[in-house]
Structure formats: structure tokens, C-alpha cells
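Everything on this sheet refers to the single structure shown next.
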Amino acid sequence: MLIERGDYLKDYKTSLQEVVQKNSDSKITYEIIAERGPDHDKLFDAMVLINGSEMGRGSGRSKKEAEQRAAKQALIKLEVITE
């Protein structure tokens, strides 16, 4: 889950942080909103909020993966990247 920026790669959370900080003084928060499945096979759902407004959701096998996917959805919503 990386996006290309020039000659280097960044993860979606870092890219979202940079975009938001560059354009405003907004606050980004991530919330794990659900955990499903048995302990050995969990699936996490995350939500990213900017100034309290939901900007994206994502699911993954780890909290980090779910947050990365939520950040990707926020970048798509902000029209920074395309799917």
C-alpha cells in the first residue's frame, strides 16, 4: 500500500498527514471501529476523521493495515489520488 511521489515511496497515512498539514491546521484521528473474527484470524475496521468529520474507512488483518486503507480512501475523497 504505497504511492509513488517522485523518486520515493510513502505510505497512505504519511501522505494524508502531509496533504492535510500543507493545506490547513486540521487534526487527523484514526479510530478502530470494529474487530471481527476469532483471535487467530481477526479483521479490523478503521475510520479516519479530519477535524471530527469522517473521511474514509478501511478493513485489514491488522490495525495498521485497516488505518492505511482508511487513509487511502480519504486521499481518494480529497482527490489526491485515484483508485
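Values in this text are rule-based calculations from the coordinates and carry no lab data. Computed from a predicted model, the values in this text were never measured in an experiment.
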For segment 21-29, what does the Karplus curve 6.51 cos²θ - 1.76 cosθ + 1.60, with θ = phi - 60°, yield as ³J(HN,Hα) per residue in whole Hz, taken in order and with x for Gly and Pro? 5, 5, 9, 6, 10, 7, 10, 9, 10
Enter the angle in degrees (range 0 to 90, nearest 10) between the Cα long axis of helix 63-77 and the first principal axis of the Cα atoms of the chain, meaning the one along which they spread out most. 40
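Evaluate the relative contact order of segment 2-77 (contact order divided by residue number), counting alpha-carbon pairs under 8 angstrom at least 6 apart; express in whole percent.
Numbers: 139 pairs, mean separation 18.8, N = 76.
Normalised by residue count, the contact order of segment 2-77 is 25 percent.
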Cross-link partners among lysines for K77, C-alpha distance below 19 Å, same-chain residues fewer than 8 apart left out? K10, K13, K22, K27
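Test of understanding: what is the full-extension gain from D41 to N23, defined as 0.36 nm times their sequence separation minus their Cα-Cα distance?
That works out to 2.6 nm of additional length.
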